[in-house]
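Asker: Here you go, one structure.
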Amino acid sequence: MIVFLAFAAICPAQQTPPASHFDGNSWWSHVKFLADDSLEGRDTGSEGLRKAQAYAVEQLQKAGLEPAGANGFYQPIRFNQYEVDEAKSSLTLVTNGQAKTLSFADDAFIGSRSTRNSIAVSAPLVFIGYGLEIPEKNLNELAGLDLKGKIVVYLAGSPSDIPTALASHYQTAGERWKSLHAAGAIGTITIFNPASMDIPWSRISVNRNHPSMDLADAEFNETPGQQLGVAFNPASAEQLFAGSGHTFAEIAALGKDRKPLPHFPLTVSLNAKAEILTKSIESANIVAKLTGADPALKNEFVVLSAHIDHVGIGAPINGDRIYNGAMDNGSGSALVMDIATSLKAHPEKIQRSILFL
């Protein structure tokens, strides 16, 4: 049996060892090192990340943890990295023969991870509500719709009667695309829900400039057959519904209260051209083990995990181009190292084995 505990920026205090073994000072020293400018934002595959990984290995070795990777403490991983060459890419809406080119900064942008390959595609659009198929709740928003060869448009979110855990599962890219791909869709347009946007569009749009990546092994491709993925600014979304008999204001009002949404073909089509730059990235997980003291339970594992990479260097914010990643997720990685040190000091209390990842 394996149990995963992932540490994000904030972790519950009751999960930490007693205060006598964890006063926060060593944790803060780890955070300061990981977020230092010299690591240049710890982008995946970068020299800065390699420095962070070497630091983590050093701390785990000092604590007396066992290496548990394929190469000592290292578990090598290959990624494919994708980046949209916006100078050679475009999104154009066509309404009644009239074409309008969208602004990547203000209106919509191409998601490199969901697009992956350079394409030129023209396709009609269909609005599919929240775009969910959830058998456990007898919900199928795709039923009766002709999606073959179409690009589907949906509002991010889910109806209020769907439990949060179930909705979260079916809103993942892989689960949503299973249903859409089976129905014949070739691409997606996701309209952010204004009622649940914690980050303004200006920040979301800036993030498009960071390359995306996924595991190089095709077996782990969550969205096989998807030609195009587009993120759409709700402030610009009204033009998608021109001539459909519906307005985005109507859709947004329903979405605010998570009410069921209508489904209908749109009169607008999309011409998309995407030039995707791809390269291979070599990186690694850092893996250490603390073997449990109970002979009957030591082959069961609890995994404590936090991602040590961040997004590197990007567009300047107040003149600073280094995205240091103290909270995301230097803080969580520091906590994993500190917990490892604390637990190693009392191995007799650990029944099951623990992997620190």
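Asker: Report ³J(HN,Hα) in whole Hz for each residue of the stretch 271-276, in order, from the Karplus equation J = 6.51 cos²θ - 1.76 cosθ + 1.60 where θ = phi - 60°; Gly and Pro get x.
Answerer: In residue order, the calculated couplings are 9, 10, 10, 10, 9, 9 Hz.
Asker: List, in order, the whole-Hz ³J(HN,Hα) value for each residue of the stretch 103-108 obtained from phi through the Karplus relation with A = 6.51, B = -1.76, C = 1.60 and θ = phi - 60°; use x for Gly and Pro.
Answerer: Once θ is set to phi - 60°, the couplings for the stretch 103-108 become 8, 5, 6, 9, 10, 6 Hz.
Asker: Given a Förster distance of 25 Å, report the FRET efficiency between A216 and E86 from their Cβ-Cβ distance, rounded to the nearest 0.05.
Answerer: 0.55
Asker: Rounded if a/c is under 1.5, else prolate if a/b beats b/c, else oblate: with a ≥ b ≥ c from the C-alpha gyration tensor eigenvalues square-rooted, which is the stretch 226-304?
Answerer: oblate
Asker: So between Q239 and A54, what do we pick up on full extension, going 0.36 nm a residue minus the alpha carbon distance? Could you put the intermediate results ahead of the total?
Answerer: Numbers: separation 185, 0.36 × 185 = 66.60 nm, distance 5.06 nm.
Gain in length upon complete extension: 61.5 nm.
Asker: Mind pulling the angle between the C-alpha long axis of helix 25-34 and the longest principal axis of the chain? Nearest 10 degrees, somewhere in 0 to 90.
Answerer: Tilt of helix 25-34: around 50 degrees.
Asker: Hey, another quick one. Could you work out how far the C-alpha centroid of the stretch 154-181 sits from that of the stretch 215-266, in angstrom?
Answerer: Result: 12 Å between the Cα centres.
Asker: If you don't mind, another one. What are the trypsin sites (Lys or Arg not before Pro) within the stretch 48-153 that DSSP puts in a loop, where the Cβ has at most 11 other Cβ atoms within 10 Å?
Answerer: Taking the stretch 48-153 and a limit of 11 other Cβ atoms within 10 Å, the loop trypsin sites (Lys or Arg not before Pro) found are K148.
Asker: Do you know the relative contact order of the chain, to the nearest whole percent, from alpha carbon pairs under 8 angstrom that are 6+ apart? Walk me through the intermediate numbers first.
Answerer: Details: 727 pairs, mean separation 121.9, N = 357.
Normalised by residue count, the contact order of the chain is 34 percent.
Asker: Between helix 173-182 and the chain, what is the angle of the helix's C-alpha long axis to the longest principal axis, kept within 0 to 90° and rounded to the nearest 10?
Answerer: Approximately 40 degrees, to the nearest ten.
Asker: Just from its helices, what would the mean residue ellipticity at 222 nm be for the chain, if runs of 4 or more DSSP H residues each count -39500 (n - 2.57) and the sum is divided by every residue, rounded to the nearest 500 deg cm²/dmol?
Answerer: Details: 8 runs with 78 residues, N = 357.
The helix-only estimate for the chain comes to -6500 deg cm²/dmol at 222 nm.
Asker: Considering only DSSP beta bridges with both partners in the stretch 82-277, what is the antiparallel share in %, to the nearest 5?
Answerer: The antiparallel proportion sits near 65 percent.
Asker: May I ask you to compute the full-extension gain from Q75 to A182, defined as 0.36 nm times their residue separation minus their alpha-carbon distance, rounded to one decimal in nm? Each step should come with its number before you reach the end.
Answerer: On the way: separation 107, 0.36 × 107 = 38.52 nm, distance 3.48 nm.
Result for the pair: 35.0 nm of gain on full extension.
Asker: For labels at V94 and D161 in the simple 7 Å Cα→Cβ model, what's the distance in nm?
Answerer: 4.0
Asker: Something else now. Using a Förster distance of 56 angstrom, determine the FRET efficiency expected from the C-beta separation of S29 and K259, and round it to 0.05.
Answerer: Efficiency, from the Cβ-Cβ distance: 0.65.
Asker: Which length gain, in nm to one decimal place, applies between Q351 and D328 when the Cα-Cα distance is subtracted from 0.36 nm times their residue separation?
Answerer: Values: separation 23, 0.36 × 23 = 8.28 nm, distance 3.08 nm.
Value of the extension gain: 5.2 nm.
Asker: Hey, another quick one. Could you give the angle, 0 to 90 degrees to the nearest 10, between helix 47-63's Cα long axis and the longest principal axis of the Cα atoms of the chain?
Answerer: 40
Asker: Calculate the FRET efficiency for D294 and I199 from the Cβ-Cβ distance with a Förster distance of 30 Å, rounded to the nearest 0.05.
Answerer: About 0.10, to the nearest 0.05.
Asker: What distance in nm separates the simple spin-label points at K273 and N318, each placed 7 Å from Cα in the Cβ direction?
Answerer: Spacing of the two 7 Å Cα→Cβ label points: 4.0 nm.
Values in this text are rule-based calculations from the coordinates and carry no lab data. Quick caveat, the model's predicted, so the values are computed rather than measured. Here the Cβ is made from the backbone with ideal geometry for all residues, glycine too, and neighbour counts use every protein chain on show.
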